[in-house]
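A.B. asks: To start, I am sharing the structure in question, which I have written as structure tokens.
The values are calculated or read from the model by the stated rules, or taken from the named source; none is laboratory data. Remember, predicted model here, so these are calculated numbers, not experimental data. As a convention, Cβ positions derive from the backbone with ideal geometry for all residues, glycine included, and neighbour counts pool all protein chains shown. Ligands, DNA and RNA are stripped out before the accessible areas are found, and what is left, the full protein with its side chains, is counted by its heavy atoms. Shrake-Rupley method; radii C 1.70, N 1.55, O 1.52, S 1.80 Å.
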Amino acid sequence: MAHADSQKSLLILGVHLKSEGYPNTLYRLRDLEASGLFKMSEINVPMWSESTQRRHGFSRLTRNFWRAVIAHIAVTIRYLAATRPERVYVPYPAVFVLFLLSWLPVWRRPRYIVADVFISLYDTIVLDRRLVKQDGLAACALKWIERRAYSCADKLVADTPQNARFLCSLFKLPETKFVVVPLSTDEIHYKYTPYQPTHGACRVLFVGTMAPLHGMETILEAANLLSERSDIHFKLIGDGQDAPKVEARLRAHMPNLVWERAWQSSQQIAEEISRADICLGIFGAGDKAQRVCPFKIYAYASMGRAVITGETRWLRETAQLPHEAFASVPVNDAAALAAKIIQLADAPMHRAKLAENSRRFYENHLSNQAALKQLAHVFD
């Protein structure tokens, strides 16, 4: 721990929620505080709560909108009432906090601003989910807001090099503004548990929100192709946009597949991963799938399990080790995924080697310690 006299001051400014549902924020801030590298203070009015996030329908949207408006106004007022800080870190969601800061005169803004861009609103709403037309007024306004917000920061933290390059191009920002830092995750529950291979039934696990980039149709079709293999059992955990595809498949009867749709705690998910022989990543064919390393990969690798995931740009460019970190197959290819599952199901020692390699990759490239070390350099 650094001596108090040598600590740099760091203000955490935002509307973030520190909870299990937002592990990157929760564990990043915990690690920063525990490191002793900074004399930390915080101005934070969460724009969400656990209760409002679990509501559905119009009432949730209305409540969350007004809560967000009030939170941003409150944070801005509290910031203006405080002494101008030397360094500020704005956790996700940072866009509208940065946007408000951008309207202040330069002498009243923080001298140095680092912000977490994690998920782009424009990319998610317009390009990925296509909730509004790309050439419409709403999309253009959102892109302008986000670009102005990011321009206000000195450094923007992205989780992969591919995401950094994408955001740089999308918002016409200089490459020097971006730094790449892996996500911070729950290492309390997702802790290393050495894999013990067996020659019995092979348990294949998928955990996720069933977004398009996950490639649920590919996973479901692979399970269908393996329906005659009584020794290979699939379990899906999660709910989301592509859940109707799972419902349709189950109605058609898939005896080798079990779906746990209800929300699960980190402890419950960790228990499922510890029992799994093979863990499935993402297999979507979209552009977003090419540049992300989802939380599920962090969890699988942290616990040390064999992972099969799609051959994406992130995997090709980032996961380069002397030994194969993860097994991979072409995206959107159910037959290839089924063949890879058979290969690993029939080779327990190969699974064990992949499990060892995934854990090694996590320690070197994805761990919270690796993230903290890289983030600390951003404030030098």
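A.B. asks: State the number of residues belonging to region 230-246 that are open to solvent by less than 60 Å² (accessible area, probe 1.4 Å) and not in a loop (DSSP other than H, G, I, E, B). Please lay out each step first, then the result.
C.D. replies: In the first step, residues of region 230-246 are kept if they are open to solvent by less than 60 Å² (accessible area, probe 1.4 Å); the result is 231-232, 234-238, 240, 242-243, 246.
Now narrow it down to the ones that are not in a loop (DSSP other than H, G, I, E, B): 232, 234-237, 243, 246.
Looking only at that region, the number is 7.
A.B. asks: Let me spell it out: the conditions are (1) touching a residue at least 40 places away in the same chain (Cβ under 8 Å); (2) over 25 Å from ASP31 (Cβ atoms); (3) part of a helix (DSSP H, G or I), and VAL331 meets all of them except one. Which number is the exception?
C.D. replies: If we test VAL331 against (1) touching a residue at least 40 places away in the same chain (Cβ under 8 Å); (2) over 25 Å from ASP31 (Cβ atoms); (3) part of a helix (DSSP H, G or I), just (3) comes out false.
A.B. asks: Now for a different question. Can LEU354 be described as surrounded by fewer than 23 Cβ atoms within 10 Å (Cβ to Cβ) and not β-branched (Val, Ile, Thr)?
C.D. replies: Numbers: surrounded by fewer than 23 Cβ atoms within 10 Å (Cβ to Cβ): no; not β-branched (Val, Ile, Thr): yes.
Judged against the criteria, LEU354 is not a match.
A.B. asks: State the number of residues belonging to region 188-211 that are open to solvent by less than 70 Å² (accessible area, probe 1.4 Å) and assigned to a loop (DSSP other than H, G, I, E, B).
C.D. replies: Matching residues across region 188-211 total 11.
A.B. asks: May I pose another question? I'd like the residue in region 20-48 that is part of a helix (DSSP H, G or I) and among the aliphatic types (A, V, I, L, M) and, out of all such residues, is farthest from LEU183 (Cα to Cα). First the steps, then the outcome.
C.D. replies: Of region 20-48, the ones part of a helix (DSSP H, G or I) are 23-35.
Okay, now just the ones that are also among the aliphatic types (A, V, I, L, M), so 26, 29, 32, 34.
On the way: LEU26: 11, LEU29: 12, LEU32: 13, ALA34: 17 Å.
Applying the filter and picking the extreme gives ALA34.
A.B. asks: Turning to a different aspect of this structure: Being among the hydrophobic types (A, V, I, L, M, F, W, C), farther than 21 Å from LEU220 by Cβ and more than 18 Å from the chain's Cα centre (by Cα): is that true of ALA325 here? Break it down stepwise before answering.
C.D. replies: On the way: among the hydrophobic types (A, V, I, L, M, F, W, C): yes; farther than 21 Å from LEU220 by Cβ: yes; more than 18 Å from the chain's Cα centre (by Cα): yes.
Judged against the criteria, ALA325 is a match.
A.B. asks: Suppose the filter is touching a residue at least 12 places away in the same chain (Cβ under 8 Å), out of contact with any strand residue (DSSP E or B) (no Cβ under 9 Å at 6 or more places or on another chain) and at negative phi; does GLN241 pass it? Steps first, answer last, please.
C.D. replies: Details: touching a residue at least 12 places away in the same chain (Cβ under 8 Å): yes; out of contact with any strand residue (DSSP E or B) (no Cβ under 9 Å at 6 or more places or on another chain): yes; at negative phi: yes.
So GLN241 passes the test.
A.B. asks: Restricted to region 134-154, and to residues that are without any contact (Cβ under 8 Å) to a residue 12 or more places away in the chain and assigned to a helix (DSSP H, G or I), which residue is nearest to VAL106 (Cα to Cα)? I'd like the intermediate steps shown before the answer.
C.D. replies: Of all residues in region 134-154, those without any contact (Cβ under 8 Å) to a residue 12 or more places away in the chain come to 134-138, 140-141, 144.
Imposing the further condition that a residue be assigned to a helix (DSSP H, G or I) reduces the set to 137-138, 140-141, 144.
On the way: LEU137: 29, ALA138: 28, CYS140: 26, ALA141: 24, TRP144: 20 Å.
In this case the residue turns out to be TRP144.
A.B. asks: Tally the residues that are touching a strand residue (DSSP E or B) at 6+ places or on another chain (Cβ under 7 Å) and either free of Cβ contacts under 8 Å to residues at least 40 places away in the same chain or under 29 Å from VAL292 (Cα atoms) (or both), restricting the search to region 216-233. Break it down stepwise before answering.
C.D. replies: Of the residues in region 216-233, the ones touching a strand residue (DSSP E or B) at 6+ places or on another chain (Cβ under 7 Å) are 219, 223, 226, 231-233.
Subset that is either free of Cβ contacts under 8 Å to residues at least 40 places away in the same chain or under 29 Å from VAL292 (Cα atoms) (or both): 219, 223, 226, 232-233.
Here the count works out to 5.
A.B. asks: Against the conditions (1) touching a strand residue (DSSP E or B) at 6+ places or on another chain (Cβ under 8 Å); (2) open to solvent by less than 20 Å² (accessible area, probe 1.4 Å); (3) outside any helix (DSSP H, G or I), where does LEU337 fall short? Just the number, please.
C.D. replies: (3)
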